[in-house]
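Beneath this line is the structure, given in structure tokens, with notes to follow.
The values are calculated or read from the model by the stated rules, or taken from the named source; none is laboratory data. The structure displayed is predicted, hence computed values, not measured ones. Heads up, the Cβs are rebuilt from the backbone with ideal geometry, glycines too, and the neighbour counts pull from every protein chain shown. These area figures cover heavy atoms from the full protein model, side chains too; ligands, DNA and RNA do not enter into them. Shrake-Rupley method; radii C 1.70, N 1.55, O 1.52, S 1.80 Å.
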Amino acid sequence: MASGIRAEVKIDDPPDCVVAQASAEADGRVLSVSKSTSPSAPERVTEEFMLDAERYPDEFDVDADLSPIFSYGSSSVYRFERELGCGCPCECIEEHDCPVVDVRTQGAALYLTFHAPDMHGLQAVIGELRDRYANLDVQRLLQSQQDHDERNLVFVDRSTLTDRQTEVLETAHRMGYFEHPKRANAGEVADELDITGTTFTEHLAAAQTKLLDAILDHE
């Protein structure tokens, strides 16, 4: 049975994504993106995206020539061409044989969804993205187990955690707080975070509760 992982990542203000640049300039959101190549020019890619915004600049100051194609009420479809192999976030993921299945934006934030074949494949993609983009965050992971009973589908939404809770979890994990035997105790992690032991415990308990609720509550 399938054992892949569905992942959604967020990249804030990627410098090499025309879609995110246009979304940020219009202070809007992109709802869908599609792309195609022509057999006569396989080195070129044509992309279209639907942008929803309250205002649209007369000209976009982005790294491509955008052409308005169609309008749906407050949304407009734009088209542009780019070279294949430009190294944008989508191509970074697809280099690992993981097609990007959904692209959307909110302002300058780019959200990409893809399927990795397994944890090793996911780690390779995330590692590549982290090397290229400092402002990367894994938003959601959905894993399909060998037994595809719905009770075995695990959905984790990191956006439910506050920035401080995320920092506490990442620091504790990095220092070996969750290992057995522990490589660091609560006081050492709290010192690293420059907070009191009580504050560390409170943030950790709140974060763990949210994660456990996501993992254990399947009703």
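Per-structure values
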quantity	calculated
Flag if Glu43 is within 26 Å of Asp131 (Cα to Cα), touching a strand residue (DSSP E or B) at 6+ places or on another chain (Cβ under 9 Å), crowded, with 17+ Cβ neighbours inside 10 Å and of a type in the set (D, E, K, R)	no
Checklist (1) surrounded by fewer than 12 Cβ atoms within 10 Å (Cβ to Cβ); (2) within 18 Å of Ala108 (Cβ to Cβ) applied to Leu66, failing item	(1)
Scope segment 83-104; condition in contact (Cβ under 8 Å) with a residue 60 or more places away in the chain, in a strand (DSSP E or B) and either touching a Cys at 6+ places or on another chain (Cβ under 8 Å) or open to solvent by less than 20 Å² (accessible area, probe 1.4 Å) (or both); matching residues	Val103
Enumeration of residues in segment 1-24 that are of a type in the set (Asp, Glu) and buried (at least 19 other Cβ atoms within 10 Å of the Cβ)	Glu8
Wholly enclosed strands (runs of 3 or more DSSP E) of segment 1-61 bearing at least 3 residues within 16 Å of Gly87 (Cα to Cα)	41-52
Filter result (open to solvent by 50 Å² or more (accessible area, probe 1.4 Å) and not small (Gly, Ala, Ser)) within segment 25-35	Glu25, Asp27, Arg29, Leu31, Lys35
